[in-house]
Each structure stands twice: as structure tokens, then as C-alpha cells.
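As C-alpha cells, the structure follows; a few thoughts come after it.
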Amino acid sequence: MTTSNQNMQIEPPLIGQTYVSRATPDLIIYVVDVIDSDPDEDFAFIVEGCDPAYKDDTTNADGYEITSDVWIKHDFALVFE
């Protein structure tokens with residue numbers, strides 16, 4: 001059974017902030033953009049990001065695309081610098 005994104009109650013991450021996965025602490029992501037999904041998708045949003053080392057020049061970074069359901073599973077937490 002799937003849940004439509006309209007039923008998900010998760011807030012998307014903040015653009016321009018760094019997050020660390022509580023499930024996989026080696027996974028740290030700098031959020032470049034958050035894209036809302038279409039209403040018929042099984043997730044609420046997609047996070048586009050990169051390694052924080054590239055946050056000042058994201059054009060040369062290897063990127064991540066993480067859907068909200070995967071974001072939830074990783075239990076990402078905001079990193080306070």
C-alpha cells in the first residue's frame with residue numbers, strides 16, 4: 001500500500017543548509033533545492049543536494065536526489081555550524 005504525498009506530514013529541509021543522516025552518519029548533504037512532487041507521486045518532495053565541501057560551487061559537485069520517503073528513512077537532522 002502506498003500513501004499519496006498529500007497525506008505526508010513531513011516538512012521539507014531548508015535550502016542552503018547542511019543535514020546529516022542519523023541512520024547513516026557518513027551521509028551528509030548540503031541542500032541545493034527542494035522540488036515539490038506531482039500530486040500522483042508516492043512522495044512529497046525531492047531534495048537536490050551535494051557534499052557540503054562543494055556548497056560554494058555546486059556546478060562541479062556530484063549531486064544527490066533524495067525523495068521524501070528516503071529522507072524520512074534516513075532521519076536527517078540539521079547540522080548547526
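The values are calculated or read from the model by the stated rules, or taken from the named source; none is laboratory data. Since we're looking at a predicted model, the values are computed, not measured. No Cβ is skipped: glycine too gets one built from the backbone with ideal geometry, and neighbour counts run over all protein chains shown. Ligands, DNA and RNA are stripped out before the accessible areas are found, and what is left, the full protein with its side chains, is counted by its heavy atoms. Shrake-Rupley method; radii C 1.70, N 1.55, O 1.52, S 1.80 Å.
Some points to look at:
- Positive minus negative residues near T67 (Lys, Arg vs Asp, Glu; Cβ under 9 Å): -4
- When all alpha carbon pairs of segment 42-81 are counted in 10 Å bins from zero, the resulting P(r) reads 27, 46, 26, 1 %.
- Contact order relative to length of segment 34-74, as percent, for alpha carbon pairs under 8 angstrom and 6 or more apart: 37 percent
- By the helix-only formula, in which each DSSP H run with n ≥ 4 contributes -39500 (n - 2.57) and the sum is divided by residues, the chain has a 222 nm mean residue ellipticity of -2000 deg cm²/dmol.
- For E41, the amide hydrogen comes within under 5 Å of the amide hydrogens of N5, counting only partners 5 or more places away or on other chains and with H modelled in the peptide plane.
- In terms of packing, defined here as the mean over residues of other Cβ atoms within 10 angstrom, the peptides 38-44, 14-20, 27-33 line up highest first as 27-33, 14-20, 38-44.
- By accessible area, using a 1.4 Å probe on protein heavy atoms only, segment 4-81 has 47% of its surface on carbon and sulfur.
- Put a dot 7 Å past the Cα of H74, heading toward its Cβ, do the same for L27, and the two dots end up 0.5 nm apart.
- Under conditions of 4 °C and 1.567 mPa s, the chain yields 100 µm² s⁻¹ as its translational diffusion coefficient, taking Rh as the Kirkwood radius over Cα pairs in the Stokes-Einstein equation.
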